[in-house]
Amino acid sequence: MNEARKGLPKERGSQMRGVTSLGLVLIIAAAFVIAQPQSRAEMGWWDDQSPRSAAGDSKQGKATAQAVCAGCHGADGNSSDPRYPKLAGQSETYIYRQLQSFKMGGRKSDIMADIVKALSDADMANVASFYSQERVQPDAIADAGLAALGQDIFFAGVGSGMMSACVMCHGRHGVEQGMPMMGMMGDAPRLNGQHAAYIVDQLNRFSSGERQSDIMGDIASALTEMDRKAVAEFLSGLR
């Protein structure tokens, strides 16, 4: 998987060129995804005055993170327990808005609900700023064959209904080089290096409706159990 971490493996170049040749189809699919209205719970907007994002103080955020978040998410945002997501290198906007979502009840977690009660809006912005500047440490790939299947799904989608490829929204850095419109959804989380078990768990929650999102609910439901594990395995080894 070393080649995958650097970008597209050479042996998959022809396949990716084939995917690129379907540019019109993917553009239409991406436009459809972006055009779908998202609920306030999904977007993290709670009233007309709620900010889309907030610029925080990373130094203040580090102090708050060490005191409040490090026990589960790690001192630098690289959690050791796959039950808890890595926050290192995550989008500042995404972290901030998820914290808002936990606080306002749009995203459900007894643990996080109790934690965010004590956090001010500035605290959340500061923590988001701190973690966004840390570097994610990818996990070792446990199953190279499974990761290869996940790579195919990530870049080309899956199923007869032409489900949009994951890279359309979650592409990042060298992963999407040479691919048009990749990573265009700035509000989508960065998944590179995330624990495979955590990604699978969240896909399961989206599929069941426990975690609400019209977009991700449809996509996760189109993935088999093997598909979810494969995509998660591929992403967990990326920087």
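For this structure, a couple of remarks:
- Filtering region 106-125 to residues that are open to solvent by 30 Å² or more (accessible area, probe 1.4 Å) and either outside any helix (DSSP H, G or I) or hydrophobic (A, V, I, L, M, F, W, C) (or both) leaves ARG107, LYS108, SER109, ILE111, MET112, ALA113, ILE115, ALA118, SER120, ALA122.
- Residue check for ALA75: among the aliphatic types (A, V, I, L, M) and open to solvent by 20 Å² or more (accessible area, probe 1.4 Å): yes
- Within the option set LYS117, LYS86, being out of contact with any His (no Cβ under 9 Å at 6 or more places or on another chain) and of a type in the set (Lys, Arg) holds for one residue only, LYS117.
- Any chance THR93 is touching an Asp or Glu at 6+ places or on another chain (Cβ under 7 Å) and at pLDDT 95 or above: no
- Within region 191-206, tally of residues that are open to solvent by less than 30 Å² (accessible area, probe 1.4 Å) and farther than 13 Å from LEU223 by Cβ: 5
- Residues of region 141-200 that are at pLDDT 95 or above, in a helix (DSSP H, G or I) and among the small types (Gly, Ala, Ser): ALA144, GLY145, ALA147, ALA148, GLY150, ALA196, ALA197.
- Matching residues in region 201-218 - criterion: being of a type outside the set (Gly, Ala, Ser) and assigned to a loop (DSSP other than H, G, I, E, B): GLU210, ARG211, GLN212
- Region 219-231: number of residues that are assigned to a helix (DSSP H, G or I) and in contact (Cβ under 8 Å) with a residue 40 or more places away in the chain: 7
- Checked against the criterion of being open to solvent by less than 30 Å² (accessible area, probe 1.4 Å), modelled with pLDDT of 50 or more and within 18 Å of ALA188 (Cα to Cα), the candidates LEU99, LEU26 yield just one match: LEU99.
- Filtering region 126-149 to residues that are among the aliphatic types (A, V, I, L, M) and open to solvent by less than 50 Å² (accessible area, probe 1.4 Å) leaves VAL127, ALA128, VAL136, ILE141, LEU146, ALA147, ALA148.
The values are calculated or read from the model by the stated rules, or taken from the named source; none is laboratory data. Computed from a predicted model, the values in this text were never measured in an experiment. Cβ coordinates were reconstructed from backbone atoms using ideal geometry, including for glycine residues, and neighbour counts include every protein chain displayed. Calculation scope for accessible area: heavy atoms of the full protein, side chains included, ligands and nucleic acids excluded. Shrake-Rupley method; radii C 1.70, N 1.55, O 1.52, S 1.80 Å.
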